[in-house]
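Novice: My questions will all concern the structure given below.
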Amino acid sequence: MTLLSRFDLRYPIIQAPMAGISTPALAAAVTNAGGLGSISVGSSTTDDARHMIEAVRAASDGTFNVNVFCHAPAIRDVTRESAWITHLAPLFAELGGIPPSVLHEIYISFLADPPMQSLLLDLRPPIISFHFGLPPDHFIRACKDVGIYLIATATSQAEAQAAQQAGMDAVVAQGIQAGGHRGVFDPDGEDLQLETIDLVKQIVGHAKIPIIAAGAIMTGADIAAALDVGAIAVQMGTAFVACPESAATADHRARMAHADASDIVLTDVISGRPARGLRNRLIDYGVASDSSPAVYPLAYDAAKQLNALAVKQGKHDYAAQWVGTGAARCRALPAAELVALLVRELEEARGIG
Ligand SMILES: Cc1cc2nc3c(=O)[nH]c(=O)nc-3n(C[C@H](O)[C@H](O)[C@H](O)COP(=O)(O)O)c2cc1C
């Protein structure tokens, strides 16, 4: 049984989990409109995660997805971390701040978070999705025992294969155009950086589980193109950032709507892992240097401190504003209207309209 029939989803449209951006209100609106809404608790405490899940349930009786981060916990490297802090010191000085003496793991990996694992098993969201890797075997088995549907992001055929072998029910094939963090399992490994359609074609050719396409899917015609090469659904992030229900700042919304190709970059400067978003002062400064950022999510600690200082001065040029290459094609509509528009465009593209 596919994802759509199992959960009675009307449309093959998944609103991507986006930590800090996809609110419970956004997820509920997409689900209520016939798609699949998602929240991410990857950077949340267990208390916040509980409240978010309860908030989705209070606003919708439908199916939703909860997303967590399965990155390898940071291996500390004091020399590299100190070098990165020293490198960023002039930016702190420009903003009238003091660089931190040490960097902190601002949130822990789901792999090292038994309380979050227990919480999800208690609250039993219908679907859980994993980014940056796969959860422990015991968690997969426990989810299967209670009927939770499991999805993992894959950026390559090898990652998709690993996800299938581990027992995932479906895979999100995340192409290189995608906004936000690339879901690569090992950020130090080889990355073939395939575009969405090529990646879907490659994975569909080998996989026995359903494939969901993600990356630069902005319109119904884009959805049709992904379904045509064998995806069962699409996962769209950037398109939903522009919805009023998202938590995106006014600056993020304004900049994405006018972004051209040179404004959108893939960089590990902000968090320590490759992620695609709008260029800013920190990215330009980091890219122009020889220093390697501290590993994920330690570098993110420094970036968030710089942004907090900047925001106090009304500046937004240190903010992590994740978007994919399709950003300028966003439509700033309420989520239900965006889903309805995407469905009309999809029907037109398939000659049904
Ligand atoms: C602002 C933003 C935040 C994101 N955060 C997450 C996240 O927390 N978890 C996750 O699995 N994917 C996250 N992603 C990636 C999406 O799941 C998806 O792969 C991507 O949005 C697809 O490309 P698109 O943005 O071009 O639609 C994020 C994407 C964006 C744009």
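Novice: Enter the accessible area per residue of region 14-85 (Å², integer; probe 1.4 Å; all protein chains in place).
Specialist: Accessible area per residue, region 14-85: 37 Å².
Novice: Give me the angle, in degrees from 0 to 90, between the Cα long axis of helix 298-312 and the longest principal axis of the Cα atoms of the chain, rounded to the nearest 10.
Specialist: Once rounded, the angle reads 80 degrees.
Novice: On each of the three principal axes of the Cα atoms of region 1-156, give max minus min coordinate, whole Å, ordered largest first.
Specialist: Computed over the Cα atoms, the extents are 54, 34, 33 Å.
Novice: Share of the chain's accessible area from carbon and sulfur, percent, 1.4 Å? Please list the in-between numbers first.
Specialist: Values: 7540 of 14310 Å².
Whole-percent figure for carbon plus sulfur exposure: 53.
Novice: With all protein chains present and a 1.4 Å probe, how do 312, 304 order by accessible area, largest first?
Specialist: 312, 304
Novice: Oh, and also: So what is the relative contact order for the chain, in percent, with contacts set as C-alpha pairs under 8 Å and at least six apart?
Specialist: Across the chain, relative contact order equals 18 percent.
Novice: Here's something else I'd like to know. Determine the calculated [θ] at 222 nm for the chain from helices alone, applying -39500 (n - 2.57) to every DSSP H run no shorter than 4 residues and normalising by the residue count; nearest 500 deg cm²/dmol.
Specialist: Calculated from helices alone, the mean residue ellipticity at 222 nm is -12000 deg cm²/dmol.
Novice: Between residue 10 and residue 328, what is the spin-label point distance in nm, taking each point 7 Å from the Cα along the Cα→C-beta axis?
Specialist: 3.4 nm
Novice: On to the next question. For residue 51 and residue 262, what does the FRET efficiency come to when R0 = 45 Å and r is the distance between their Cβ atoms, rounded to the nearest 0.05?
Specialist: 0.70
Novice: Whole number in Å², please: accessible area per residue of region 132-288, 1.4 Å probe, ligands, DNA and RNA not counted.
Specialist: Value returned for region 132-288: 37 Å² of accessible area per residue.
Novice: On to the next question. Using Cα atoms only, what is the angle between the long axis of helix 114-123 and the major principal axis of the chain, expressed in degrees (0 to 90) to the nearest 10?
Specialist: With rounding to tens, the tilt is 30 degrees.
Novice: Which length gain, in nm to one decimal place, applies between residue 188 and residue 122 when the Cα-Cα distance is subtracted from 0.36 nm times their residue separation? Spell out each step's value before the answer.
Specialist: Details: separation 66, 0.36 × 66 = 23.76 nm, distance 3.47 nm.
Value of the extension gain: 20.3 nm.
The values are calculated or read from the model by the stated rules, or taken from the named source; none is laboratory data. Keep in mind that what you see is a predicted model, and the values were worked out from it rather than measured. Here the Cβ is made from the backbone with ideal geometry for all residues, glycine too, and neighbour counts use every protein chain on show. Keep in mind that these areas ignore ligands, DNA and RNA; they rest on the heavy atoms of the full protein, side chains included. Shrake-Rupley method; radii C 1.70, N 1.55, O 1.52, S 1.80 Å.
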